[in-house]
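Input: a single structure, listed below in structure tokens.
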Amino acid sequence: MRTKMLCGNWKMNLSKTEALTLAANVRDAAAAYAEAEAVQCVLFPPFPYLDAVSSVLEGSPVMLGAQTLHEAESGAYTGEVSASMLVDMGCELVLVGHSERRHGLGESDALIAAKASRALEAGLTPVVCVGETGAERESDATEVVLLRQIEPLKHMLARCALAYEPVWAIGTGQVATPEEAEAVHAFLRAQLGENGASVPILYGGSLNGDNAPSLFSKPGVDGGLVGGASLKAEVFSRMLGQLRNSSGEDSFHVHA
Ligand code: PGA
């Protein structure tokens with residue numbers, strides 16, 4: 001049985017006051033969905049706000065996640081943040097392999113695997129992001145790229161969530177079609193073998209309140225990793241409802 005998940009990746013946005021207001025609004029809106037265990041909701045604020053957002057979410061079913069971590073346990077890594085620090089702040093999940101870190105900051109597949117491994121060791125669930133660039137899709141290299149990205153992580157993926165985020169769709173307004181997403185999700189799930197039945201695979205890239213219902217209607221799409229639209233409480237809350245009401249009902253558990 002897979003969990004449906006909606007993740008809000010706030011990236012490097014918001015003032016502290018805005019972050020706390022957004023967290024409180026999502027917490028209040030999410031109560032109905034998360035209580036029914038229909039949808040898991042996770043917020044990924046910037047590091048400096050983790051502690052304060054954690055207090056806002058305390059006692060609520062909305063979970064806290066971080067946007068990245070360092071692969072070492074501790075030590076002389078100025079400016080970096082360790083897995084155990086994130087656990088101390090109340091995080092339960094962490095993003096690894098986001099394209100803004102792969103392509104913007106040069107993180108390699110091996111480094112991303114090391115980060116995921118460190119996260120698991122500390123008890124965090126990695127949300128592993130994978131996805132091809134526009135040029136790679138145009139040259140029919142999508143599957144080759146995805147295989148390369150998941151290869152060093154394969155032995156860990158049963159304990160992760162996966163997010164398919166085509167690079168060409170992130171922050172561009174150019175969302176993948178439900179059919180494109182479904183095809184890639186099916187490919188990824190096939191790579192997971194028997195774990196394919198339990199590992200959630202989320203879609204990310206220009207997801208919003210208008211296009212989410214058609215993507216969520218695909219049985220292989222277990223939820224979303226939302227960037228820009230997660231900064232608006234009303235839109236993100238609406239997407240929680242859309243995910244809860246989406247078809248593919250057999251892939252998650254709803255209490256009567
Ligand atoms: P976007 O970002 O929804 O703004 O396209 C998604 C992401 O980068 O996780």
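The set of residues in region 200-231 that are touching a residue at least 24 places away in the same chain (Cβ under 8 Å) and open to solvent by 30 Å² or more (accessible area, probe 1.4 Å) comprises ASN208, PRO213, SER214, SER217, LYS218, PRO219, GLY228, LEU231.
Quickly run through region 173-183 and pick out the residues that are among the hydrophobic types (A, V, I, L, M, F, W, C), open to solvent by 30 Å² or more (accessible area, probe 1.4 Å) and without any contact (Cβ under 8 Å) to a residue 40 or more places away in the chain.
ALA183 - this is the single residue of region 173-183 that is among the hydrophobic types (A, V, I, L, M, F, W, C), open to solvent by 30 Å² or more (accessible area, probe 1.4 Å) and without any contact (Cβ under 8 Å) to a residue 40 or more places away in the chain.
Taken together, ALA186, ALA113, ALA197, ALA122 contain a single residue that is under 27 Å from GLY90 (Cα atoms), more than 17 Å from the chain's Cα centre (by Cα), touching a residue at least 24 places away in the same chain (Cβ under 8 Å) and more than 13 Å from the ligand (Cβ to nearest atom), which is ALA122.
From the list ALA163, ALA181, ALA158, which residue is within 16 Å of the ligand (Cβ to nearest atom), modelled with pLDDT of 95 or more and part of a helix (DSSP H, G or I)?
Details: ALA163 fails: part of a helix (DSSP H, G or I); ALA158 fails: within 16 Å of the ligand (Cβ to nearest atom).
Exactly one of ALA163, ALA181, ALA158 is within 16 Å of the ligand (Cβ to nearest atom), modelled with pLDDT of 95 or more and part of a helix (DSSP H, G or I), namely ALA181.
For region 140-153, the criterion of being closer than 22 Å to PRO46 by Cα, modelled with pLDDT of 95 or more and assigned to a helix (DSSP H, G or I) is satisfied by no residue at all.
The values are calculated or read from the model by the stated rules, or taken from the named source; none is laboratory data. These figures come from a predicted structure and were not determined experimentally. A quick note on method: Cβ atoms are made from the backbone with ideal geometry, for glycine too, and the neighbour counts reach across all protein chains shown. SASA here: full protein model, heavy atoms, side chains in, ligands and nucleic acids out. Shrake-Rupley method; radii C 1.70, N 1.55, O 1.52, S 1.80 Å.
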